[in-house]
Amino acid sequence: MGVTLVELNDYKKLIKQRMGEKRFNHSLCVSEEAKRLASLYGADEEKAALAGILHDITKETPKETQLQIISDSGIILENTEINSPSLWHAISGYAFIKNELLIDDEDILNAVRFHTTGRENMSLLEKIIFTADFTSRDRKYDDVEVIRKKANKSLEQAMLYGISYTIADLSKKQSVIHLDTVRAYNELVISQNNK
Ligand code: DGI
Ligand code: FE
Ligand code: FE
């Protein structure tokens, strides 16, 4: 599937209407960063740019609407997912771009679906979107420069740093940790240890 620049601009207009200024800027920044990482690591830059634009498409959609989008697409949430509303936008975003925007590129669909939790055996594009969400220009947290530096050397090292932070943060708040997050973390630790 080729993604043309015209299409990318149409998608930008579409998401601009669906979210506030700050989230729109974040989406543009993730798109730009995903494109840069795709160029660095030899992935399809247009697909990366598009997945970046779309990744948070339902982030500001009302929770009830998101649950409707999810159930309409035939997805049944697991107990941990029902109890983690911050994960819903990745799943409803996936369902929305698949069923409403008719995006049929499996890699783009999965990059959106797993951008929050990660998972085992992620594709290069999935890793790029996951990482770009941490390293985009708009991100401002204490260790952002550390993770940006890692991202330029190894996506896996950047992901491990990011996911470790997320798991620590979630456990500090005694929030549910999704099994995909744990599986992604374990896989990254094991592959790191075997280097
Ligand atoms: O949508 P963004 O804000 O750009 O970033 P994101 O999609 O990575 O969402 C981050 C939120 O998701 C943050 O509040 C932490 C939460 N999160 C990430 N992994 C898990 C999780 N929440 C739960 N409950 N379980 C997880 O495994
Ligand atoms: Fe997100
Ligand atoms: Fe995001």
Kindly provide log₁₀ I(q)/I(0) values, in the same order as q = 0.08, 0.14 Å⁻¹, from the Debye equation applied to equal alpha-carbon scatterers of the chain.
-> -0.24, -0.77
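Take the solvent-accessible surface of the protein heavy atoms, probe 1.4 Å, and return the percent of it on the stretch 5-193 that carbon and sulfur atoms account for.
Numbers: 4820 of 9650 Å².
Here it works out to 50 percent.
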Report, in deg cm²/dmol and to the nearest 500, the calculated mean residue ellipticity at 222 nm for the chain, where each DSSP H run with n ≥ 4 adds -39500 (n - 2.57) and the sum is divided by the residue count.
-> -21000 deg cm²/dmol
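Determine the order of Lys59, Lys153 by accessible area, beginning with the largest, at a probe radius of 1.4 Å.
On the way: Lys59 75, Lys153 155 Å².
Putting Lys59, Lys153 in descending order of accessible area: Lys153, Lys59.
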Rounded to whole Å², per residue accessible area for the chain with a 1.4 Å probe reads 52 Å²
With N denoting the number of residues in the stretch 1-62, provide Rg(C-alpha) divided by 2.2 N^0.38 Å, to two decimal places.
-> 1.09
Per residue convex hull volume, Cα only, the stretch 132-195, in Å³ is 92 Å³
Excluding ligands and nucleic acids, what accessible area in Å² is computed for Arg148 using a 1.4 Å probe, to the nearest 10?
-> 50 Å²
Dipole magnitude of the chain, debye to nearest 20 (Cβ charges: Lys/Arg +1, Asp/Glu -1, about Cα centre) = 680 debye
Among the aspartates and glutamates, select those whose C-alpha is under 15 Å from the C-alpha of Lys140, and discard any that sit fewer than 8 residues away in the same chain.
-> Glu33
What pairs from Lys172/Lys195; Lys12/Lys149; Lys35/Lys98 go past 26 Å between their alpha carbons?
-> Lys172/Lys195; Lys12/Lys149
With a 10 Å radius around each residue's Cβ, average the other Cβ atoms per peptide and rank 30-37, 49-56, highest first.
-> 49-56, 30-37
Tally Lys and Arg at +1 and Asp and Glu at -1 over the other residues with C-beta under 13 Å from the C-beta of Gly118: what net charge comes out?
-> -2
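The values are calculated or read from the model by the stated rules, or taken from the named source; none is laboratory data. Worth saying up front: this structure is predicted, and the values here are computed from it rather than measured. Reconstructed Cβ throughout: ideal geometry from the backbone, glycine too, with neighbour counts over all protein chains shown. For accessibility, only protein heavy atoms count, side chains too; no ligands or nucleic acids. Shrake-Rupley method; radii C 1.70, N 1.55, O 1.52, S 1.80 Å.
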